[in-house]
1. Of everything in the stretch 64-73, what is within 8 Å of ligand 1 (Cβ to nearest atom) and not in a loop (DSSP other than H, G, I, E, B)? Give them in sequence order.
2. Before we move on, is Gly63 closer than 30 Å to Leu251 by Cβ, among the small types (Gly, Ala, Ser) and crowded, with 18+ Cβ neighbours inside 10 Å?
3. Residue by residue through the stretch 167-189, note down the ones that are assigned to a helix (DSSP H, G or I) and under 16 Å from the mean Cα position of the chain (by Cα).
4. Quick check on my filter: what residues within the stretch 39-63 are more than 10 Å from ligand 2 (Cβ to nearest atom) and assigned to a strand (DSSP E or B)?
5. If we scan the stretch 81-96, do we find a residue that is within 16 Å of ligand 2 (Cβ to nearest atom) and either assigned to a strand (DSSP E or B) or not acidic (Asp, Glu) (or both)?
6. I need every pair where a residue in the stretch 186-199 that is farther than 17 Å from Arg166 by Cα has its Cβ under 9 Å from the Cβ of a residue that is of a type in the set (D, E, K, R) and buried (at least 17 other Cβ atoms within 10 Å of the Cβ), sequence separation at least 6 or different chains.
7. Any idea how many residues of the stretch 130-158 are farther than 17 Å from Leu175 by Cα and in a helix (DSSP H, G or I)?
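The values are calculated or read from the model by the stated rules, or taken from the named source; none is laboratory data. Everything numeric here is computed off the predicted structure, so don't read it as measured data. Here the Cβ positions follow ideal geometry from the backbone for every residue, glycine too, while neighbour counts run over all protein chains shown.
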Amino acid sequence: MVEHADDDATTEPILRVDDLEVRYQDVIVGLSGVSLEVARGSIVAILGANGAGKTTLLRAVTGLLPVHRAKITRGQIVLDGRRIDGQSSTAIVRAGIAQVMEGRRIFGELTVDENLRTGGFTVRDKAATAATHAKVMGWFPKIAERRGQRAGFFSGGEQQMVAIGRALMAQPRLLVLDEPSLGLAPMVVEQIRQIIVDINAEGTSVLLVEQNASMALSIAHRAVVLENGRVAREGSADELRNDEKIKDLYLGMGTAGRRSYRDAREHYKATNAAAAARAGAAQVGDA
Ligand SMILES: Nc1ncnc2c1ncn2[C@@H]1O[C@H](COP(=O)(O)OP(=O)(O)O)[C@@H](O)[C@H]1O
Ligand SMILES: [Mg+2]
């Protein structure tokens, strides 16, 4: 069970996304009318099928839209009461948001230590950087043992730890992760899950995009479901875990092994098709 943060309506959320619209190349709509909040100190999960707009949302929040020939065409993003939409990705890191990108992009040619150093480039305080480095090493004993080795040869789970460690070196108030468990073995997913819980317990707010909805909902306080660039559902993790449609579409409950969105969607389509076929057959029978 997740310990829920005290609900305090007067507390400004760490992140507020307001009526956000994003377009790629001025035409392709990536997000439309998306509003959400991350309460200070909480974990918010973003769920949704492939192409729903999850990564686009993170790109908007971290200032990386221009790299992908996209821009915010409506709405705003507010970090700690200050607008950050339109700011550069470096300015946004300085403002307090660090991200772990999809596909755990680390510098394979660099050692663990060198990778971590690239994450701390915005932090001027040497003592603070050394303290964060020590903390990261404590969190990831496996990569601490190999801190002088090139990270490119590490396993997927170890690379993910380097990627998370690098993001933490920026000493973020909000950590943003894009599908950190993707492609990892269940035991490694469990380690990553625990690391996110620990990071959050130390006071860092988390915006977590996950394909693995059951993992995400097991640690999130609230969750937002995106469909076709819009918010389809928002609620507490408990509410969403017990929602029949969410269970059917994203949690694969009652159907052993059906865990991915793609499978869930196929299952959903097949169920609908079967129902439609039955209805069609009934109509033919009626004629
Ligand atoms: N670089 C891009 N150029 C054009 N369209 C893009 C680009 N990246 C994403 N999109 C479009 O934006 C929508 C949302 O994609 P994305 O945010 O990657 O979804 P998700 O992360 O949920 O799988 C999709 O329709 C996708 O085709
Ligand atoms: Mg994505």
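1. Passing the criteria: His68, Ala70.
2. Considered against the rule, which asks whether it is closer than 30 Å to Leu251 by Cβ, among the small types (Gly, Ala, Ser) and crowded, with 18+ Cβ neighbours inside 10 Å, Gly63 comes out as no.
3. Answer for the stretch 167-189, where residues must be assigned to a helix (DSSP H, G or I) and under 16 Å from the mean Cα position of the chain (by Cα): Ala167, Leu168, Val189.
4. Matches in the stretch 39-63: Ile43, Val44, Ala45, Leu47.
5. Looking for residues that are within 16 Å of ligand 2 (Cβ to nearest atom) and either assigned to a strand (DSSP E or B) or not acidic (Asp, Glu) (or both), one finds none in the stretch 81-96, hence no.
6. Here the result reads Val188/Glu158, each pair linking the stretch 186-199 to a residue that is of a type in the set (D, E, K, R) and buried (at least 17 other Cβ atoms within 10 Å of the Cβ).
7. Here the count works out to 15.
Let's see how each residue does on (1) among the basic types (Lys, Arg); (2) away from ligand 2 (no atom under 16 Å from the Cβ):
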{"site": "Gly152", "(1), (2)": "no, yes"}
{"site": "Gly157", "(1), (2)": "no, yes"}
{"site": "Leu168", "(1), (2)": "no, yes"}
{"site": "Arg173", "(1), (2)": "yes, yes"}
{"site": "Pro180", "(1), (2)": "no, no"}
{"site": "Gln191", "(1), (2)": "no, yes"}
